[in-house]
Amino acid sequence: MGTTQTTLVIALLAAAAPAHADSCTGERGGKFAACFDPGNRLSITAGTAGVGGAIELRHVIHFDDEPDLVWKLDHTLLAVNHGAWADRLSFTLYRAHYMRHSRDGHIVIPLGEPKKVFMHSDIGAYVESGTIEWRDQPTTRLGVVRVAGLVDFARKKDFSARVAFGPLARWDVDLMQDTHSVRAHFVAPFTAGMANLHLESDDGRTLGDVRFEAGAIWRSDAGWGPEIRGEASVERIVLAINDRPISLLLGARYESETHEAIGQVGARIVLLQRRDPRVSLE
Amino acid sequence: MRRPFCAAIAAIGIAVPTVASADQYPMMDHYAPVDCMKDTDGHLWRIQCNPATHVCLYAADDELDSAGIRRKPLERARDCDRTGVFDRTKLEAAGYQMLPARADAPYGWTRDERGRVFQINFDLKRRIYFGVGWTPQKLFDHLDNPFELKRSSLDFGLFVFDYLSDGPTPTRHRIRLMEGNVHIEPFSAEVTVAHYDVSRRFFDPLLRVTTFVGEPQRHDIHLDLGLWTEAGGLEIHPTPTGTSSIWKHATAMGTIDLWQSPKLDSFLRLRTGLGLEGQWTQETGYRTAFVPQSALEFDWVVDPNGFHNLRFEFDHEMPRYLLPIRNDQKLAQRLRAKLQYEAIVLAINDQPLTLKLAAGGEKRDDIMGVPDRWAFVVDAGLRFSLWAPPRPRS
């Protein structure tokens, strides 16, 4: 699925979703949760791309004296996926977005009397550390660090949307599986860029994410070269058992380095989830 | 810049001094009482009077747009201590002079003439940072091409956190997670997964020496001891045949602070201790070493606002390998010195962008093929930091 089509699907699904807080508690046949918090959960996923799971946590930090300033932090911990049909394993120790929403974006130039130049965006960062991509091939890819400074034009106070761009730095290592020796280092000293679109419906039943990276990567064995990577996913909760949601998942991923395009259809089962505060089952 | 301010204060009926520039408006004291009074148009004004100087500062209780229209509530202003109706005549009759001003902002923040708040004090010891730089290595070894542009670098610190436990014996805890740097062409890298050190200023002296020659006198000797630890370090260095990887599993050192700033955020200290590491190369395989080591560290936040930061470190390490690294050599030496200056050049949404300048030298004989002589390095780069709240108020 192309990026544009995916974005359109996410937008349509998000727009179609009910958005009122009073509809978060369903009552047909008894009370049930109709809104979900997709950012705080322990889930397992099974699909055509394999079986895996992840812990997701997110929270906001408010300030009493500046009510419009919000730090939005979302963390993914111990995300793992084992390929069902292909012998491959991917693991992420930690991945996060730290986004700072403020009423006004501005640049302060602290020369003499500090001067302030205004702009219309939030800022933040994407951080990823400790990834492993193991395949039935001679090498295993270790991701030491991947960071991007982000400018977010969605400027949402909550997690409902992120339209972010920014320079990306990364350091990955290819290890030979037999000798455990380093085959090559991959470094992008902010010579690549990242774009990220993230949308969630107000009831948390539909969410989608599109991430695109492109730029020049330096390899210790081959020098500089271009690289493109993109991934997109759409998730839609279709049922819940004991208010634990089960969602359908569509995803796609492309990497120019391996010329590999992978599509995924699967299901995500949430084992533990923070109950959406708008839900009242009492 | 003055127009919106003039428009805003027209309602209160006080002229702006014609020679004043917007930057010269005084600022109210965030830690002194502020009254909020309504004018004849019903607009709320913040007023702070000083009975000692008989001066009243006043400012709109809202942010203004470029036309001077009140648009948004003020951010980070203190709550009003009293409210009521503004009686300018009564104040002027009492001898008070009315001066236009900027509304108050807390320590570390200021406000422009439209009331918009922004941060002007940054604690770079509490942040997440990542940066890019240019690092020509061995500058003096390659004078034919000293400005190799291809040698760029990135550095990062995913969690930098200092915490001061104040009191009679102030203690500063310093935590760093995933901090390091990577250079390319040729590739080299240093990363430390976890770092923790602690400095303390002891209330009681370690030794009290009393002299009885002449008038008896007491001489206190303070030894501000601390701890320095790291775990999970990795250094990768280029060699003529590939790379040498040094896995620094764990290091623990005791520290003595020779000088400390009142808040312990600046210091000069000696540390010494032992590390466990292993060096791996394609040719020699893995060699374990115990590493007695010492260092002199100087870390100085030069100005109260945290804009200028200076750091110097001199390390001496003596890895003693359990198996020879070459011929019969089991003992090696590493000497390293680095001076770094980091200055804030601007802030984007109150998140600082810093300029980093560094110079250093290194001499080591533990890596095969790398000549045992001093090599010098200079760095210049930019770092972007997230978080970096204002430094604690003294």
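All of the numbers you see were taken from the coordinates with simple rules; none came from a lab. Since this is a predicted model, take the numbers as computed values, not measurements. Quick reminder, even Gly has a Cβ in these numbers, built from the backbone with ideal geometry, and neighbours come from all protein chains shown.
State, as an integer percentage, the relative contact order of region A:48-127 based on alpha-carbon contacts under 8 Å between residues 6 or more apart.
Numbers: 163 pairs, mean separation 20.6, N = 80.
Reported relative contact order: 26 percent.
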Estimated inter-spin distance, B:Thr171 and A:Ala184, nm [label 7 Å along Cα→Cβ]: 5.0 nm
Amide hydrogen neighbours beyond the local backbone of B:Val55, cut-off 5 Å, H modeled: B:Asn50, B:Gln97
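When only Cα pairs under 8 Å and 6 or more residues apart are kept, what is the percent relative contact order across chain B?
Working: 1019 pairs, mean separation 47.3, N = 394.
Rounded, it is 12 percent for chain B.
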Charge dipole of region A:20-64 about the Cα centre (unit charges at C-beta), most positive-ward option of A:Gly50, A:Phe63, A:Thr25: A:Gly50
Interchain or long-range residues, amide H under 5 Å from A:Trp224's placed H: A:Arg219
Of B:Gly278, B:Gly214, B:Gly108, the one that fluctuates the most in a GNM where chain B has Cα springs shorter than 10 Å: B:Gly214
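Given the peptides A:170-181, B:197-208, B:215-226, B:178-189, arrange them by the average over their residues of other C-beta atoms within 10 Å, most packed first. Don't skip to the answer; put the middle values down first.
Working: A:170-181: 16.8, B:197-208: 14.8, B:215-226: 11.9, B:178-189: 21.1.
By packing density, highest mean first, the sequence is B:178-189, A:170-181, B:197-208, B:215-226.
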Overall form of chain A per C-alpha gyration tensor (a/c, 1.5; a/b vs b/c): oblate
Pair B:Ala359, B:Leu223: separation of 7 Å Cα→Cβ label points (nm): 3.6 nm
Peptide B:184-191, shielding by other chains (average Cβ, 10 Å cutoff): 5
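Could you give the length gained on full extension between B:Asp65 and B:Gln329, defined as 0.36 nm per residue of separation minus the Cα-Cα distance, in nm? Walk me through the numbers before you get to the answer.
On the way: separation 264, 0.36 × 264 = 95.04 nm, distance 7.28 nm.
Fully extending the segment from B:Asp65 to B:Gln329 adds 87.8 nm.
What dipole magnitude, in Debye to the nearest 20, does chain A give about its Cα centre under +1 on Lys/Arg Cβ and -1 on Asp/Glu Cβ? If you can, show how the numbers build up before the last one.
Numbers: 31 positive and 36 negative charges, 33 e Å.
Charge dipole of chain A: 160 debye, to the nearest 20.
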Among B:Met28, B:Ile344, A:Gly263 - extreme Cα towards positive end, dipole of the protein assembly as shown, charges at beta-carbon: B:Met28
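Set the Förster radius R0 to 51 Å, insert the Cβ-Cβ distance between B:Thr53 and A:Ser23 as r into 1/(1 + (r/R0)^6), and round the FRET efficiency to 0.05. Before the final figure, lay out each step's value.
Details: r = 60 Å, r/R0 = 1.17.
So the FRET efficiency works out to roughly 0.30.
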Sequence-distant aspartates and glutamates (8 or more away, or on other chains) whose Cα lies within less than 17 Å of B:Lys338: B:Asp155, B:Glu179, B:Glu190, B:Glu235, B:Glu297, B:Asp299, B:Glu313, B:Asp315, B:Glu317, B:Glu362, B:Asp379
Listed residue (B:Ala388, B:Ile221, B:Trp374) projecting farthest to the positive dipole end of chain B, Cβ model: B:Ala388
Inter-chain Cβ neighbour average for residues A:65-74, partner chain, 10 Å: 3
Neighbouring partner chain Cβ atoms per residue of A:100-112, average, 10 Å criterion: 6
Highest-MSF residue in chain A out of A:Ile262, A:Ile132, A:Ile123 [GNM, Cα springs under 10 Å]: A:Ile262
Theoretical FRET efficiency, 1/(1+(r/R0)^6), r = Cβ-Cβ of A:Phe153 and A:Ala222, R0 30 Å, to 0.05: 0.25
Virtual spin-label span in nm between A:Ile269 and B:Leu339, 7 Å along Cα→Cβ: 6.4 nm
Computed [θ] at 222 nm, deg cm²/dmol, chain A (DSSP H ≥ 4; -39,500 (n - 2.57); rounded to nearest 500): -1500 deg cm²/dmol
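Relative contact order, percent, of region A:3-281 when contacts are C-alpha pairs under 8 Å separated by at least 6 residues?
19 percent
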Reach of B:Lys38 by Cα under 16 Å, taken over lysines that are not fewer than 8 positions away in the same chain: B:Lys90
